[in-house]
Amino acid sequence: MTDFRPQIEQQVTFLHAQDLVETAAFYETILGLALVLDQGSCCIYRSGGDAYLGFCQTLGQHMDAPPATNHIMLTLVTPDVDGWHEFLVGQGVAIEKPPTLNETFNIYHCFVRDPNGYLIEIQTFLDPAWPKPVQNPEIGD
């Protein structure tokens, strides 16, 4: 047995997509995420740094029924929650909850849903202890 722990270099969260075309339009056109890999039935987007979101149409391949979306929340961290709220309203995206201060967690956030029904939180951490984003010159963050 060894004490050596291999490095984890990247993180990908995969979610089921009901309609990959509609999902792509939302994440590419509205949220502006870069498509880094199109695998036909799966599309993978860079959400920041070395973090990725993958959306796959997998019914019949790996699962029998679509997963419930009410237990999943995707949080996108930004210093400009109000700017995102204004932009999303302008794009015709229905707002689940307008920008609000959450004193319990010391965050400022709003909520929308993507075309699959996943809850998306647009959030900024107000706690100065939250780490600043890592700058990666390769991707222009």
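Here is a yes/no grid of residues against (1) under 18 Å from residue 19 (Cβ atoms); (2) in contact with a helix residue (DSSP H, G or I) (Cβ under 6 Å, 6 or more places away or on another chain); (3) crowded, with 16+ Cβ neighbours inside 10 Å; (4) modelled with pLDDT under 95:
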residue: 46; (1), (2), (3), (4): no, no, yes, no
residue: 53; (1), (2), (3), (4): yes, no, yes, no
residue: 63; (1), (2), (3), (4): yes, no, no, yes
residue: 70; (1), (2), (3), (4): no, no, no, yes
residue: 73; (1), (2), (3), (4): no, no, no, yes
residue: 100; (1), (2), (3), (4): no, no, no, no
residue: 122; (1), (2), (3), (4): no, yes, yes, no
residue: 134; (1), (2), (3), (4): no, no, no, yes
(message) Where the second residue is of a type in the set (Lys, Arg) and not in a helix (DSSP H, G or I) and the first is crowded, with 20+ Cβ neighbours inside 10 Å and lies in the range 12-35, which pairs have Cβ atoms under 7 Å and are six or more apart or on separate chains?
(response) 33/46
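The values are calculated or read from the model by the stated rules, or taken from the named source; none is laboratory data. All values reported here derive from a predicted model rather than from experimental measurement. Virtual Cβ from ideal backbone geometry, glycine too; neighbours counted across all protein chains shown.
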